[in-house]
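Reviewing the structure listed below.
The values are calculated or read from the model by the stated rules, or taken from the named source; none is laboratory data. Quick caveat, the model's predicted, so the values are computed rather than measured. Every residue, glycine as well, gets a Cβ built from its backbone with ideal geometry; the counts of neighbours run over all protein chains shown. Side chains are part of the model used for accessible areas, which takes the heavy atoms of the whole protein and leaves out ligands, DNA and RNA. Shrake-Rupley method; radii C 1.70, N 1.55, O 1.52, S 1.80 Å.
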Amino acid sequence: MVESLTEGYWKKVVTLYETIVKEEDESISKAAELLASAIEKDQLVHVIGPGGHSNMGAEEMFYRAGGLVPVNAILDPGTLLAMGARRSTIIERTPGYGVSVLNAYNVDNGVLVIVNAYGINAMCIDVALEAKRRGVSTVGITSREFAENTPPDHPARHPSKANLCDVVDVHVDCHMPFGDAVVHVEEIKKNIGPVSTLVNLFTLNLVVIKTVELLVSKGVEVPIWTSANVPGGDEANRAYMERYASRIKLL
């Protein structure tokens, strides 16, 4: 029996999830230690997805049912697809832009999580280097396979030709394969079925879960959002809104 394209897709996605769980346990724990340390010090977890669909990583961690409250999501209009797809690509390739974005979101302590499966664009590298210059710890959710297989002269690259996985304090590999899309359609000679968003968000949530586990083991109160769509949700979140609204830009 010939395997359907949809069956092939879910099998590849499940395999990627299994790979992340099996191979990234140590790096996930190291990343969680940085997040837990920041929260324990009453600092923020800043998160940015520099470019197009990568912004969904920042959205996934922010104001999320079952998610950490002290998350400062950096959703600058420059790379949001809602502001223009081609514009997003241009901005993510503009050296120096990311530094000003960090200024606008008051990233000067805590930890910065950088989510971008490709891990090569100017904004990715700029925010990682600038955060380290400011003494802010960095976690990169990105694919080493993709970065190392992208030519050094590709126009998307940072002027330094650096890879995000090599410049952050902790790299958690999301294992996105080169090219992103994983289902080949012979009739059109194209691949479909992208996985970058799926592996990014899965990896992020593993880090968040491990962070909560660490904080609980230390006896630290863990601020967690309740869904506003369930009875009592608004009431449960009200104290968090009052506590963090002045510190988290988008609240």
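Each DSSP beta bridge with both residues in the chain is either parallel or antiparallel, and the antiparallel ones are about 25%. Counting lysine pairs in the stretch 1-72 that sit 8 or more residues apart in sequence, or on different chains, and whose Cα atoms lie under 23 Å apart gives 4.
Using a probe of 1.4 Å, the accessible surface attributed to F178 totals some 100 Å² when neighbouring protein chains are kept in position.
Apolar share of the accessible surface for the stretch 125-251: 54 percent from carbon plus sulfur atoms, 1.4 Å probe. With every protein chain in place and a 1.4 angstrom probe, the accessible-area ranking of V113, V21, largest first, reads V21, V113.
Normalised per residue, the accessible area of the stretch 42-151 is 36 Å², obtained with a 1.4 Å probe and no contribution from ligands, DNA or RNA. With helices as the sole contributors, the chain gives -14000 deg cm²/dmol at 222 nm; each DSSP H run of n ≥ 4 counts as -39500 (n - 2.57), and the sum is divided by every residue. Let a ≥ b ≥ c be the square roots of the eigenvalues of the Cα gyration tensor of the stretch 54-116; is it rounded (a/c under 1.5), or, if not, prolate (a/b larger than b/c) or oblate? Cα axes put the stretch 54-116 in the oblate bin.
Note on E26: accessible area approximately 120 square angstrom, rounded to 10, probe 1.4 Å, nucleic acids and ligands left out. Treating r as the C-beta distance of K190 and D108 and R0 as 51 Å, the FRET efficiency rounds to 0.70. Once C-alpha pairs closer than 8 Å and six or more residues apart are averaged by separation and normalised to the residue number of the chain, the relative contact order reads 23 percent. Each Lys and Arg contributes +1 and each Asp and Glu -1, all at the Cβ; summed about the Cα centre of the chain, the dipole is approximately 640 debye. Shape call for the stretch 1-144 from the C-alpha gyration tensor, a ≥ b ≥ c root eigenvalues: rounded (a/c under 1.5), prolate (a/b greater than b/c) or oblate? Because a/c hits 1.5 or more and a/b fails to exceed b/c, the stretch 1-144 counts as oblate. About the centre of its Cα atoms, the stretch 1-123 shows a dipole size close to 480 debye [charges on the beta carbon of Lys, Arg (+1) and Asp, Glu (-1) only; nearest 20 debye]. Just how many % of Cα pairs in the stretch 120-197 lie over 20 Å apart, if you round to the nearest whole percent? Result: 39 percent of Cα pairs exceed 20 Å.
Loop-located trypsin sites (Lys or Arg not before Pro) in the stretch 54-146 (DSSP state not H, G, I, E or B) with no more than 15 neighbouring Cβ atoms inside 10 Å: R134. The figure for S100 is an accessible area of roughly 70 square angstrom, using a 1.4 Å probe on the protein chains alone.
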